[in-house]
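First comes the structure, then the notes that go with it.
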Amino acid sequence: MSSKVPPVILNNGVEMPQLGFGVWQVPDAEAERAVATALEAGYRSVDTAAVYENETGTGRALAASGLPREELFVTTKLWNSDQGYDATMRAFDASLARLGLDRVDLYLIHWPAPALGKAVDTYRAFEKIHAEGRATSIGVSNFLREHLERLIEATSIIPAVNQIELHPRLQQREAREFHAQQGIATEAWSPLGQGKGLLEVPAIVAIAQKHGRTPAQVVLRWHVQLGNVVIPKSVTPSRIVENIDVYGFELDTEDLAAISALNENRRLGPDPAGFNVT
Ligand code: NAD
């Protein structure tokens, strides 16, 4: 099946599918099957990371799909322990080798890890990798405004993307506004709030019933209408199919207001200001 997912246009003119497939916590041995199922269902964008230890299985599925390379959008991320110019160059080569690719579409600094003090040097290596044509776009993940400002001040390429935790309980309004001002696309991780309770919230269930859709589809549709890039994860084939089927309905102003009211500024993951784990 070909993809029905429309793209967002990044600040360098590159098209990125607005909805992709995330593979965090999918063991390498399972990743090949899960990514193959996603590609079959029409996903063309896959989000992995060195620290997920499933770049190999992900790469196998991409190769086995027979899809032309230019139809795929592959993201991977640099782990904290590899920050720094030389270490980044080595880590990127290792990621490409595991993926079996000669370029990625998007390479992200996984966390700012401010206590390491290496984000600028790391990003200079990213600029070199981009100049070599080995990462079509470069960006960051989990960067707070202060981290972005420091990076933009010290380097030449504005990140194409900031991938941050974002779901109805953590709506990240200020961050999204700042990204929009800077031309940075906002990509939502844990877009379904990891499924934990969010999909049973009565307001979301009611909107789902009204549209004859599932709660997961309502939440993903909310992201799409907000303009977020979104990368839901599932290893269950029926859910993989369900999660990409969000282009045949529209939330109205009343639905959007009801979801807007669910914001609690509550994180499921670590606060990037103090996360320096290597
Ligand atoms: P998610 O919000 O996508 O939730 C995934 C979970 O929700 C599944 O494990 C399942 O339990 C449930 N689920 C999925 N589809 C469902 C459906 N249709 N109905 C009911 N339940 C469903 O959580 P996530 O995996 O944490 O985030 C998605 C992706 O974001 C990851 O796979 C990864 O690629 C990325 N991510 C990035 C970072 C980062 O630091 N950059 C951190 C976490 C996740």
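Bear in mind that the values in this text are calculations on the coordinates, not laboratory data. As the structure is a prediction and not an experimental result, all values here were calculated from the model. Heads up, the Cβs are rebuilt from the backbone with ideal geometry, glycines too, and the neighbour counts pull from every protein chain shown.
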>> Given Cβ point charges of +1 (Lys, Arg) and -1 (Asp, Glu) and nothing else, what value in debye, to the nearest 20, does the dipole of the chain about its Cα centre take?
In response: 220
> Any idea what the relative contact order of segment 16-106 is, in percent, if you count C-alpha pairs under 8 Å spaced at least 6 apart?
Replying inline: 30
> Over segment 45-152, what is the relative contact order in whole percent, taking alpha-carbon pairs under 8 Å and six or more residues apart?
Replying inline: 27
> Among 237-248, 108-119, how do they line up from the highest to the lowest mean number of other beta-carbon atoms within 10 Å?
Replying inline: 108-119, 237-248
>> Taking the Cα centre as origin and putting +1 on Lys and Arg beta-carbons and -1 on Asp and Glu beta-carbons, what dipole magnitude results for segment 1-160, to the nearest 20 debye?
In response: 80
> For the chain, what is the percent of antiparallel DSSP beta bridges, rounded to the nearest 5?
Replying inline: 15
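Contour minus end-to-end for residue 94 and residue 249, with contour as 0.36 nm per residue of separation and end-to-end as the Cα-Cα distance?
51.6 nm
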>> If I take every Cα pair under 8 Å that is 6 or more residues apart in the chain, average their sequence separation and divide by the length, what percent do I get for the relative contact order?
In response: 20
> Between residue 28 and residue 236, what is the label-to-label distance in nm when each label sits 7 Å out along the Cα-to-Cβ direction?
Replying inline: 2.8
>> Suppose R0 equals 41 Å. What FRET efficiency, 1/(1 + (r/R0)^6) with r the Cβ-Cβ distance, do residue 102 and residue 267 give to the nearest 0.05?
In response: 0.65
> Using alpha carbons only, how many degrees (0 to 90, rounded to 10) separate the axis of helix 85-99 from the longest principal axis of the chain?
Replying inline: 60
>> How far apart, in nanometres, would the label points at residue 156 and residue 206 be if each is projected 7 angstrom from Cα along the Cα-to-Cβ direction?
In response: 5.5
> Relative to the longest principal Cα axis of the chain, at what angle does helix 119-131 sit, 0 to 90 degrees, rounded to 10?
Replying inline: 90
> Hey, can you rank 217-224, 122-129 by average C-beta count inside 10 Å, highest first?
Replying inline: 217-224, 122-129
>> If packing is taken as the average number of other Cβ atoms within 10 Å across a peptide's residues, how do 8-15, 92-99, 158-165 rank, most packed first?
In response: 158-165, 92-99, 8-15
> With point charges of +1 on the Cβ of Lys and Arg and -1 on the Cβ of Asp and Glu, referenced to the Cα centre of segment 150-212, which listed residue (189, 209, 155) lies farthest in the positive direction of the dipole?
Replying inline: 209
>> Please list, ordered by chain and number, the residues whose modelled amide H lies under 5 Å from the amide H of residue 137; skip anything fewer than 5 residues away on the same chain.
In response: 106, 107
